[in-house]
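Here is the structure we will look at, set down as structure tokens.
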Amino acid sequence: MPTKKKMIKGNTVKEVATEMSVDGIVNSTKPPVKSGIRRIPWKHIILLVILIAGLLLWKFKSAFVVAVVNGQPISRWQLESDLVNKFGSQELDNLINERLILAAARQKGVFVTNNEIDDRIKQVETRLNGQISLADALKAQGMTMDDFKKQIEIQISIDRLFDNEATISAKEIDDYVASNEAAYKDATDPAQVKQDAQTALKQQKVADLFNTWFSNVRKNAQIQKFL
């Protein structure tokens, strides 16, 4: 009696094996599915980075090079190093003194408002009488407006610290006018002469009081320099 071939879902084992082999071959020969994102070659990325860096260096070149002399660059580091060596110690002392003055004044409850600073600036502009602009005057002295405002804040603080102590008597005013008679020989307003004398005397007395006071402030301050 003849044997019957074993059936697997209607197919012989050989047919199934053949179909599996064909499927494997077909699947293995299918090209890989390409991604929708296109990769940029590395050399293009490097060129782009170099281009951006070059543009930034050109735009902010003054941050690195301050001058070029016959093709030889002078770097900002060279300039700053030279300035620090020549003026660094003096400028550092000025910054320390400013900080000490304002801190000590604030400890005594003396705070200067922006309105007070603006009013003092207007007074200065009035005294210039249009002969030169404040901006040009500051530029000639190598100062910025921020520098000037800081100086005004310090001066107002000093004035308020010693205003009550810096009293001027009538005798001091008369003696001052007499000793500076030549300066007032063409004056026509005696009241204005006395007012000018009082202002000058008060400024001098405030300066004397400040120098004594600040000498003690500086002596008692804890200062560490690393320059």
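Numerical summary
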read-out	value
Answer residue from segment 195-227, given it is touching a helix residue (DSSP H, G or I) at 6+ places or on another chain (Cβ under 9 Å) and among the β-branched types (Val, Ile, Thr) and is farthest from Ile156 (Cα to Cα) among those	Ile223
Matching residues in segment 112-141 - criterion: being at pLDDT 95 or above, surrounded by 11 or more Cβ atoms within 10 Å (Cβ to Cβ) and not in a helix (DSSP H, G or I)	Val112
Residue check, Ile173 loosely packed, with under 15 Cβ neighbours inside 10 Å and modelled with pLDDT under 95	no
Pick from segment 142-164, criterion over 12 Å from Val110 (Cβ atoms) and aliphatic (A, V, I, L, M), ranking: modelled with the lowest pLDDT	Met143
Matching option when the condition is surrounded by 10 or more Cβ atoms within 10 Å (Cβ to Cβ), among the hydroxyl-bearing types (Ser, Thr, Tyr) and closer than 18 Å to Ala105 by Cβ, among Ser215, Ser179	Ser215
Counted residues, segment 142-159 - those being surrounded by 14 or more Cβ atoms within 10 Å (Cβ to Cβ) and either β-branched (Val, Ile, Thr) or over 26 Å from Asn211 (Cα atoms) (or both)	4
Any hit, segment 85-97, residues being assigned to a loop (DSSP other than H, G, I, E, B) and at pLDDT 90 or above	no
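The values are calculated or read from the model by the stated rules, or taken from the named source; none is laboratory data. The model shown is predicted, which means the values in this text are computed figures rather than measured ones. Don't worry about glycine lacking a Cβ; one is built from the backbone with ideal geometry, like all the others, and counts go over all protein chains shown.
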